[in-house]
1. Given the Cα atoms of region 1-86, and with Rh set as the inverse mean 1/r over their pairs in the Kirkwood sense, what is Rg to Rh to two decimals?
2. What ratio of Cα Rg to 2.2 N^0.38 Å holds for region 41-97?
3. Relative contact order of the chain: what whole-number percent is it, with Cα pairs under 8 angstrom and at least 6 residues apart?
4. Go ahead and estimate [θ] at 222 nm for the chain from helices alone: -39,500 (n - 2.57) per DSSP H run with n ≥ 4, summed, over the residue count, rounded to 500.
5. So between Asp98 and Asn36, what do we pick up on full extension, going 0.36 nm a residue minus the alpha carbon distance?
6. Along the principal axes of its C-alpha atoms, what lengths does region 1-50 span, in descending order and rounded to whole Å?
7. Roll a 1.4 angstrom probe over the protein heavy atoms and tell me the percent of accessible area of region 1-112 that is carbon or sulfur.
8. Can you count the Lys pairs in region 1-108 whose Cα atoms are under 19 Å apart, with each pair 8 or more apart or on different chains?
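The values are calculated or read from the model by the stated rules, or taken from the named source; none is laboratory data. Being a predicted model, the structure only gives us computed values, none of them experimental. Side chains included, ligands, DNA and RNA excluded: accessible areas come from the protein's heavy atoms. Shrake-Rupley method; radii C 1.70, N 1.55, O 1.52, S 1.80 Å.
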Amino acid sequence: MAFNGTWKVDRSENYDKFMEQMGINVMKRKLAEHDNLKMTIEQTGDKFHIKESSTFRTKDIEFTLGVQFEYALADGTEVSGTWELEGETMRGRFARKDNCKVLTTSRTLVGGELVQCYNYEGVDAKRIFKKQ
């Protein structure tokens, strides 16, 4: 339950290249760099409720660890996959519905910050969040 709380994006690493690899157009990439994403995470046992709010949208996501669910990324890309908890790290594996290619992501706490790492087709990126 260490992930519980409200987290606001503070900085990103290689996020533009990652989004480019995902096929997101340049205009959406530029907007996404300044999305002011905030996540409120509530974990109860193996169930999660996450509220994402940004400049562009607000979305509620509910999932259970190890149970497949569907999700639409901010650009509209639809994926299906699962989150697992491995020690202190959440690991997600999601297949895109349009091309079946896999997006992997992880969330871990490092020095009081939530670090979300992404990989798609060999391109890595990070978004670092600070607790509010």
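1. Working: Rg = 13.9 Å, Rh = 14.2 Å.
Computed over Cα atoms, the ratio is 0.98.
2. Numbers: Rg = 11.8 Å, N = 57, 2.2 N^0.38 = 10.2 Å.
With N residues counted in region 41-97, Rg over 2.2 N^0.38 Å equals 1.15.
3. Details: 284 pairs, mean separation 33.4, N = 132.
Over the chain, the number comes to 25 percent.
4. On the way: 2 runs with 14 residues, N = 132.
Mean residue ellipticity, 222 nm, calculated: -2500 deg cm²/dmol.
5. Details: separation 62, 0.36 × 62 = 22.32 nm, distance 2.72 nm.
Answer, rounded to one decimal: 19.6 nm.
6. Cα extents, longest axis first: 39, 19, 16 Å.
7. On the way: 3120 of 6400 Å².
Ligands and nucleic acids excluded, carbon and sulfur give 49 percent.
8. 14
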